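Data block below; observations after.
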Protein chains: 2
Amino acid sequence: MFTRIDHVGIAVRDLEASVEFYTTTFGLTVAGRETNDAQGVREAMLYVGAVPSGGFAAGAPGGASYVQLLEPLADDTPVGKFLATRGEGVHHVGYGVDDVAQALAELGEQGIRLVDERPRHGSLGASIAFLHPKSVGGVLTELVQAARG
Amino acid sequence: MFTRIDHVGIAVRDLEASVEFYTTTFGLTVAGRETNDAQGVREAMLYVGAVPSGGFAAGAPGGASYVQLLEPLADDTPVGKFLATRGEGVHHVGYGVDDVAQALAELGEQGIRLVDERPRHGSLGASIAFLHPKSVGGVLTELVQAARG
């Protein structure tokens, strides 16, 4: 079902400072920035490794892996609450799937607790859904069907 | 510096139950199991995605990504303490580097706090070193130079 590690989502207090740190210190490349009001975050996706030829203009390259830096829009958002209780750190892990709707259906049948009953809009045009950490050994787990390039 | 996401390290209470869960539910494939006395863990590396042709016999494929499941050997180990305070969940993130000794030297010069001053033995024959989470926005970060296949 999982085809790759799509991204590691990291909760940060200051998005621009964190982007500066990851690009300067570790050599990552910014693939895109966006604000997701539904999730209450400002975020940046940073490509890990060499930027694929063709770049990012056409949406998420299917095989890419990212660090996703997440700054909450307010304290009463999921990431805002995470920062208040846990501090900065890994918030979730996103895995690539070929078909997020089909994956959700299969996991629901297996009794996995779903945060999202149906796919919704994710980063870089992806279709995504979250699984509840109580069903996945404490790991907030995201399914990511990348946009077609 | 970072060439890929090598693995996500997840602290678990019951290694075999967690291996069963990830292989059955998400379709991951066990690449190897080992006990690392120096780190105080029993662990399994699970390949995310299709198993590369040639398999795992010759060590870690350079481009592979894994879920690493970590069960502590005792309560007073790093992962044992993590479980006691945080519960099961993401323990660290490992990124691929071409040369872990060189990466350590560069990061040390930049003032990044190192857990390991020199490389040590990691999973699947890799040479690894940890960076302190206080220098990396709360993320325990591992550098991984994969074994030559």
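The values are calculated or read from the model by the stated rules, or taken from the named source; none is laboratory data. Please read all numbers here as calculations on a predicted model, not as lab measurements. Cβ coordinates were reconstructed from backbone atoms using ideal geometry, including for glycine residues, and neighbour counts include every protein chain displayed. We work out accessible area using only protein heavy atoms, side chains counted, and drop any ligands, DNA or RNA first. Shrake-Rupley method; radii C 1.70, N 1.55, O 1.52, S 1.80 Å.
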- Task: Determine if the range A:89-96 includes at least one residue that is at pLDDT below 95, under 20 Å from A:Gly32 (Cβ atoms) and in contact with a helix residue (DSSP H, G or I) (Cβ under 6 Å, 6 or more places away or on another chain).
- Result: no
- Just checking, how many residues over the range A:31-40 are part of a loop (DSSP other than H, G, I, E, B) and either within 8 Å of chain B (Cβ to nearest Cβ) or open to solvent by less than 50 Å² (accessible area, probe 1.4 Å) (or both)? 2
- Got at least one residue in the range A:9-30 being surrounded by 14 or more Cβ atoms within 10 Å (Cβ to Cβ) and more than 13 Å from every other protein chain (Cβ to nearest Cβ)? yes
- Task: Would you check which residues across the range A:101-120 are touching a Lys or Arg at 6+ places or on another chain (Cβ under 9 Å) and more than 16 Å from A:Ser135 (Cβ to Cβ) and list them?
- Result: A:Ala101
- Task: For the range A:104-142, name all the residues that are part of a strand (DSSP E or B) and either farther than 22 Å from B:Tyr22 by Cβ or open to solvent by 30 Å² or more (accessible area, probe 1.4 Å) (or both).
- Result: A:Leu114, A:Arg120, A:His121, A:Ser127
- Message: So, in the range A:48-78, how many residues would count as being open to solvent by less than 60 Å² (accessible area, probe 1.4 Å) and either at pLDDT below 95 or within 13 Å of chain B (Cβ to nearest Cβ) (or both)?
- Response: 17
- Among the residues of the range B:84-103, which ones are surrounded by 15 or more Cβ atoms within 10 Å (Cβ to Cβ) and more than 13 Å from chain A (Cβ to nearest Cβ)? B:Val100
